[in-house]
1. Quick check, is B:V461 in the same structural domain as B:G274 (by TED's automatic domain parsing), of a type in the set (A, V, I, L, M) and in a helix (DSSP H, G or I)?
2. Can you find a residue that is touching a Lys or Arg at 6+ places or on another chain (Cβ under 7 Å), in contact (Cβ under 8 Å) with a residue 24 or more places away in the chain and either of a type in the set (D, E) or not assigned by TED's automatic domain parsing to the domain that holds A:P263 (or both) anywhere in the range A:418-435?
3. Please work out which residue is farthest from the chain's Cα centre (by Cα), limiting yourself to the range A:402-425 and to residues that are closer than 30 Å to A:F224 by Cα and surrounded by fewer than 18 Cβ atoms within 10 Å (Cβ to Cβ).
4. Report yes if B:A397 is in a helix (DSSP H, G or I) and within 10 Å of chain A (Cβ to nearest Cβ), otherwise no.
5. Do you know which residues across the range B:224-246 are touching a residue at least 24 places away in the same chain (Cβ under 8 Å), more than 20 Å from B:A183 (Cα to Cα) and surrounded by fewer than 20 Cβ atoms within 10 Å (Cβ to Cβ)?
6. For residues in the range B:464-480 being open to solvent by 50 Å² or more (accessible area, probe 1.4 Å) and within 25 Å of the chain's Cα centre (by Cα), which is nearest to the other protein chains (Cβ to nearest Cβ)?
7. Go through (1) in contact (Cβ under 8 Å) with a residue 60 or more places away in the chain; (2) assigned to a loop (DSSP other than H, G, I, E, B) one by one and return the number of the condition B:V337 breaks.
8. Scan (1) surrounded by 12 or more Cβ atoms within 10 Å (Cβ to Cβ); (2) modelled with pLDDT under 50; (3) part of a helix (DSSP H, G or I) for the single condition A:S27 breaks and write down its number.
Number of protein chains: 2
Amino acid sequence: MKAKTVKPTFRNAHSHVFLCKYGLLLSLNILITMMRSPSGSFFGHLLVIPMDGSHWMDLKAVAEEIGRRGHQVTVVIPEVSVRMGPGKHYKTLTYPVPYDKERIDSLLSMHMDVLRQSTQFAPISYFTSVPLQSFLFLSLQHFDAVLTDPMVPTGSLIARKLGLPTVNLLRVIPCGLDTKSAACPAPPSYVPRFFTKFTDKMNFWQRVINTLVSLLEPLLCRLFYWHFDHIAYQFLGEEVGVAEVLSESAIWLLRTDSILDFPRPLMPNMVFVGGISCNIRNPLPQDLESWVSGEHGFVVFTLGTAVSVLPEEITAVLLEAFRQIPQKVIWRYTGPVPDDVPENVKMMEWVPQNELLAHHGVRAFITHAGSHGLYEGLCHAVPMVMMPLGGDQPDNAQRMASRGVGVVLDITTITVETLLQGLNDVINNSSYKESVEKLSAFHKDRPFDPLELSVYWTEFVMRHKGATHLRAAAHDLNWVQYHCLDVLALLATVVLLVVMVTMRCMRLCLRKLSRKRKQD
Amino acid sequence: MKAKTVKPTFRNAHSHVFLCKYGLLLSLNILITMMRSPSGSFFGHLLVIPMDGSHWMDLKAVAEEIGRRGHQVTVVIPEVSVRMGPGKHYKTLTYPVPYDKERIDSLLSMHMDVLRQSTQFAPISYFTSVPLQSFLFLSLQHFDAVLTDPMVPTGSLIARKLGLPTVNLLRVIPCGLDTKSAACPAPPSYVPRFFTKFTDKMNFWQRVINTLVSLLEPLLCRLFYWHFDHIAYQFLGEEVGVAEVLSESAIWLLRTDSILDFPRPLMPNMVFVGGISCNIRNPLPQDLESWVSGEHGFVVFTLGTAVSVLPEEITAVLLEAFRQIPQKVIWRYTGPVPDDVPENVKMMEWVPQNELLAHHGVRAFITHAGSHGLYEGLCHAVPMVMMPLGGDQPDNAQRMASRGVGVVLDITTITVETLLQGLNDVINNSSYKESVEKLSAFHKDRPFDPLELSVYWTEFVMRHKGATHLRAAAHDLNWVQYHCLDVLALLATVVLLVVMVTMRCMRLCLRKLSRKRKQD
């Protein structure tokens, strides 16, 4: 791979420094990071290497909050992206990418055949084409830690190259690489694997499938991260793959909890921070506030950033169903608005989703079951109609449905009747509202706000240059040692030997006895 | 077992209510617990069934704090105990026990031969003789939850009988019953078992022993809780043992963390609260303050509540060593003070241990390595000379020593030289101070104060009548299902069949081929 010439640019007003001034910048940075406030608190420099799409949302919230607390925060983003951009409390640094905005847009305008596949992981193939050498200018600055989403492990590789401790903020790596790299046990008997849509209560055949999937996971990860393993080897000049690089992570901030997923083992450096965006909201704009008021309430409908335009036949079905319900519907829709939109439907390019879900008039939430949307629905106790598209969404949806907080519909085969039935169920059958209220109470009753907790552990890693006291010794064992297979082999051999010797002795004794009898 | 007539007495000034008034009390309690403050916060009624000795300390702190926050707290204690007694913010209720104060005192005045054994678990045999039926009057009151130390599972059995959710506050159950009952994985490859004194880094033979101990743990638990399994069956009238009763626990508050123990898997309902007493302290009395000042500083020496009088020969060795050091020594000692006490030694029946350890003049801490003492030493970064006596102490001491924060000595074979060497090491070799300062920084850098966290989760269980959302589905699986042994058997059979069929086919083909050749 050949390094590309890069002109990183700071987009933020705070800094007009370019590559040529990195020497001065370096000294300044070291001075600043060594400075301590009078109260003894530590101000450091955080490098954030985020992922695009909905993955960006929580990373941005954490970066902003850490910057707001007085640390320096540098966010490295590609020149072309779906959502990533500047913020109030961090500076951005862009790098060139070998794809353009149109290519990304074309990916997001979904058609029927694309909908049937998972498109969540498409950006990964783009990332593998970004030359990591172009990030090496970062070594001229002093950082205390890297905050990244390791599903695309660019940030993790750069952190290793720069010798920096890493904080991961992620929903999940579906092939189980997160669990494996954190050396966390995940018994397939009650920890359902992604793509199976199972819950934590499995029958025998489901356990068979789940176990098979868990046995295949290492292979899946190999395939999934084949490109990155290759890049890691080239970029780092070491015989390491992505799994090993990730196993060095200091803290795993997991955008989940025992509500969205099921109770399962954790390691001490894994922290649940599901629901970060719940408390981040503004007042609802006045025009929306007056539009949504009405005796029947309203329904919020969004399919996330991964989808902008829906196929016409689906849009027609959805509009026809909405026409037949008394509730108003606010629909996030970035495509061209059709002519026959019913009066009770408002299509908007962007909706203040969290603010709308917090409104007392909301009756239901139609969602693609992305984790952010689900947490916002959970946070405000709104029953849901879930139409998962890909990635973790089908599993998310089944997990939520198993708790009775909503129904799951297949958007590719949806009809007016099934949608009406689903909406009618969640709006008028009180069991959905009751279940979601109970889960919401559990979800929100936690000792620490997830944003605070994310910031706390990120600052911890910056302060202590890692979290070595939370690193399990399991990381130093190979597979045979970890499972004590060598010990079990020894014990089995000893037992076998004892049994054999006993048998041999008994046989000898019996033979002697029978000889003696014959002699008698 | 026959129920005994009991006269429970409230020791607290708030209440002079006796058994005959329980009817009224019941209604009042229900009314009170249903009351909500104007801010919507919940006031409940907590039943605390504690354990004696050092186990009582943190339970008392939590009970006091919960009472202080406006909840009703009732602590049930035996008429005779080592430390348990009334508090400011809870009421106590006493029950008769078939042993007296002298029997307990005689246990605590240790002699050489007793010192060689573990005496930590002696109180357990007493508890098994308390008729649990005498607690049934508690069913006349309304409680929201039970807080208990399940090492003596009286509280857990009563909670099950009364149908109440349980919060456990404990250091550890050394036969692994806590881990097993919480359905928490504990791979023997890097989770050292108690009584082995291993760390998380084991060589092959240590892993062999650790695995053997882990295989024997269920048997150990059976023996250890044989009495209680019997009592459980009689008292509850169900076919359940202690393990099953404990597996119903809502929350496990563990008086440990990744500093005292090693990083290992946890379940979502297991919470680290090690170091509760660290921040609970008063100003040092003026006379002590002036006595400890001096250019060479001082040493704190305590052996916990489990020991009051030491054998004379050991006392003589200790005094002789102390005579030879420039530091002053404050020694908690409840026996008769010998005549030849050196000037730099002060023997006191009770010492404000946490306050002394927090003093800037402290140079070293001689401790029996009970978890409370270790946490207070860690909290104030004091290097330690550890002389473990029994229970979890030998393992605690090794774990701390492996981190370089102190040295371990055997009190039964101690000499003036070894003690002087140990003291000299921890006081004058700066590596001990540096290590304990580093560990102390890690230990104290946590998002939540352990007392706050204990109170939070106890209140959580009171508010929600449990913590069902944190209960892993592993509890519903039997041993074969949990380990997927049935699934593995099926998969192995399938693989075997495929191999056999393939072999048979190949053999047939080969036979046909060879026949054909012969015919040719």
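The values are calculated or read from the model by the stated rules, or taken from the named source; none is laboratory data. Keep in mind that this is a model prediction, so the values were computed, not measured. Virtual Cβ from ideal backbone geometry, glycine too; neighbours counted across all protein chains shown. Areas reflect the complete protein model, heavy atoms only, side chains present, ligands, DNA and RNA absent. Shrake-Rupley method; radii C 1.70, N 1.55, O 1.52, S 1.80 Å.
1. Judged against the criteria, B:V461 is a match.
2. yes
3. A:T413
4. No; evaluated as a whole, the condition is false for this residue.
5. Those that are touching a residue at least 24 places away in the same chain (Cβ under 8 Å), more than 20 Å from B:A183 (Cα to Cα) and surrounded by fewer than 20 Cβ atoms within 10 Å (Cβ to Cβ): B:H227, B:Q234, B:L236.
6. So, considering only residues that are open to solvent by 50 Å² or more (accessible area, probe 1.4 Å) and within 25 Å of the chain's Cα centre (by Cα), the one nearest to the other protein chains (Cβ to nearest Cβ) is B:R471.
7. (1)
8. Among (1) surrounded by 12 or more Cβ atoms within 10 Å (Cβ to Cβ); (2) modelled with pLDDT under 50; (3) part of a helix (DSSP H, G or I), A:S27 violates only (1).
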